[in-house]
Amino acid sequence: MVQSEKEKVVQLERQLHVLNEVARTITYPLKLPEMLNRVMDTIIGVIEPAEVGLVMLWDQSAGLFRAEAAFGYDKEVIKQFGLRAGESITGKVFDGGKAVLLSEAEVAHAMADIRPGNYSILERSLGRTPLPLSTLAVPIFAQEQKFGVLVLETIKGPALFSPEDLPFVQSLADLLALAIDRMRLQAKSDIKREIKEVERLRAEALATLSHELRMPLTAIKGYTTALLMEEIQWSEEKVDQFLRMIDSESDNMQSMIKDILDSSLVDVGQLKLEPQPVRVQYIAREVVDEILRYTQIHHFIIDFPANFPIIDADPRWIKQVFRNILENAVKYSPEGGLIVIKGQIRRDDIVIKVADQGVGISPEDLIPLFEKFYRVKSAEGFHISGTGLGLPVARSIVEAHGGRIWVESQEGEGTTLYFSMPYVLEARDEDNRNDVIQGNFAMKQRSNLGHESLQSDNL
Ligand code: ATP
Ligand code: MG
């Protein structure tokens, strides 16, 4: 009797140790299956009759119990195991909500309704007959929540479970239930938080956008109201000045609205390419001509080698890329300066380089530069209007052509934007069959290029 008292104390101490160990494991920042597997390892290591075990959790979407953790089973094979509601020991303990200790005969009875597929999965993953000598199965429930069943089994013996094991294993299952409950709540609140964050960013972006659009509008409204004042006779010179301001602010608005529209086209996957043979240097020239209408302090050099190839691209969209990059080069060089557009030929693609002598970009602002609505914070008392959509749109267009876009910059010295384009547009899906046919056409044309050049075209 003394001996058995001693044994009892040892056993209680061991159980306390396991409870502590499990309580600690469930506080680690682990994923659910990893946490359950660790707990399972601890349990099996301590409870002698427990030779193999499963944590079966109810998967609502599949309508099945799945083995979320396992000990003694082949982990790959047991992944295919799926018990229906009420099926086998797990199904019954889940419905009954009570811990059970089953003898060999009771196990066979409780498992009689297991579907043959599941039986053979158990057999394969255990490497032997899956009928155990005894089974201890306890529900994993937390208050109103029913998660699944913890199943421990004796396969060989000789040690068998005793009824004293039941409350202890139930305490372990209760701890597991708490951990699962907490993790699922956490996952739910993470999703909620993410949705909130996206909403917050969207609201913020919208506020910035409205503000940016309102600025030129306010200026236009101000000049128009002034011009319409009957009591004031404006000099011809003043009228001309006001009209020029209105003109330039309208251009500003127009360009921002174009960016917003382009960006929403990209968002809804409407960036459809109609490729044709394109001389990139001509497009660069056209955009430079557009820009020269509104700046006198910027000078351009367009430098393309004489043998620069004709590429296969959508000229409308390539023009937009040049516009977005060159407008930035001008806008962010408020003191003016030289802007160099250079074409380079590589083995598989061409690279266009646009270098300015503007304000430059700090290293930390370079990383998010191509993200929608990202704008570098302006210095105090110095504002350059924009929506933060120009570069993301340029990137989407370049990438749709199979190219890449990147940037190098030195704060206070200038910025260089690069983008590459393959010679021929690759087919990306069925819709683009036509593009490919036209693409081949461009490829053939490449060998007999004209040799007109815009080399060192100093404008
Ligand atoms: P939008 O082009 O839509 O009118 P935006 O010019 O602000 O607005 P992007 O063209 O996407 O938007 O550029 C994002 C940010 O990158 C800009 O706000 C600017 O801070 C910085 N940036 C872009 N190009 C240059 C450049 N050449 N020099 C310095 N900063 C630049
Ligand atoms: Mg821009």
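Residues to consider are Gly45, Gly86; find the one that is at pLDDT 95 or above, over 35 Å from the mean Cα position of the chain (by Cα) and of a type outside the set (A, V, I, L, M, F, W, C). Steps first, answer last, please.
On the way: Gly45 fails: at pLDDT 95 or above.
Step by step, each of Gly45, Gly86 is checked, and only Gly86 is at pLDDT 95 or above, over 35 Å from the mean Cα position of the chain (by Cα) and of a type outside the set (A, V, I, L, M, F, W, C).
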Has the stretch 329-348 got any residue that is touching a residue at least 24 places away in the same chain (Cβ under 8 Å), in the same structural domain as Val280 (by TED's automatic domain parsing), surrounded by 13 or more Cβ atoms within 10 Å (Cβ to Cβ) and under 28 Å from the mean Cα position of the chain (by Cα)?
no
Select, from Val393, Val376, Val359, the only residue that is in contact with a Phe, Trp or Tyr (Cβ under 7 Å, 6 or more places away or on another chain) and within 26 Å of Gln254 (Cβ to Cβ).
Val359
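Only one of these is among the hydrophobic types (A, V, I, L, M, F, W, C) and at pLDDT 90 or above: Ala379, Ala355. Name it. Quick ask: steps written out before the conclusion?
Numbers: Ala379 fails: at pLDDT 90 or above.
The unique qualifying residue is Ala355.
Kindly provide the set of residues from the stretch 319-377 that are assigned to a loop (DSSP other than H, G, I, E, B) and at positive phi, ordered by number.
Gly336, Gly360, Phe373
Could you check, for the stretch 335-342, whether at least one of its residues is touching a Ser or Thr at 6+ places or on another chain (Cβ under 6 Å), within 16 Å of ligand 2 (Cβ to nearest atom) and over 17 Å from Pro422 (Cβ atoms)? Outline the logic, then answer.
In the first step, residues of the stretch 335-342 are kept if they are touching a Ser or Thr at 6+ places or on another chain (Cβ under 6 Å); the result is none.
Checking the stretch 335-342: not a single residue is touching a Ser or Thr at 6+ places or on another chain (Cβ under 6 Å), within 16 Å of ligand 2 (Cβ to nearest atom) and over 17 Å from Pro422 (Cβ atoms).
Could you please find all residues in the stretch 34-71 being of a type in the set (Ser, Thr, Tyr) and touching a helix residue (DSSP H, G or I) at 6+ places or on another chain (Cβ under 6 Å)?
Here is the first cut: in the stretch 34-71, the residues of a type in the set (Ser, Thr, Tyr) are 42, 61.
Within the stretch 34-71, just Thr42 meets the criteria.
Before we move on, is His401 surrounded by fewer than 18 Cβ atoms within 10 Å (Cβ to Cβ) and more than 10 Å from ligand 1 (Cβ to nearest atom)? Break it down into steps so the answer makes sense when it comes.
Numbers: surrounded by fewer than 18 Cβ atoms within 10 Å (Cβ to Cβ): no; more than 10 Å from ligand 1 (Cβ to nearest atom): yes.
The answer is no for His401.
Any idea which of Ile350, Ile367 is over 24 Å from Asp251 (Cβ atoms), within 13 Å of ligand 1 (Cβ to nearest atom) and β-branched (Val, Ile, Thr)?
Residue meeting the stated conditions: Ile367.
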Only one of these conditions is not met by Ile405: (1) modelled with pLDDT under 95; (2) in contact with a Phe, Trp or Tyr (Cβ under 8 Å, 6 or more places away or on another chain); (3) within 14 Å of ligand 2 (Cβ to nearest atom). Which number is it?
(1)
Which numbered condition in (1) surrounded by fewer than 19 Cβ atoms within 10 Å (Cβ to Cβ); (2) in contact with a helix residue (DSSP H, G or I) (Cβ under 9 Å, 6 or more places away or on another chain) is the only one that Asp314 fails?
(1)
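The values are calculated or read from the model by the stated rules, or taken from the named source; none is laboratory data. In this text the structure is predicted, and so the values were computed from the model without any measurement. When we count neighbours, we look across all protein chains shown, and the Cβ atoms used for this are built from the backbone with ideal geometry, even at glycine.
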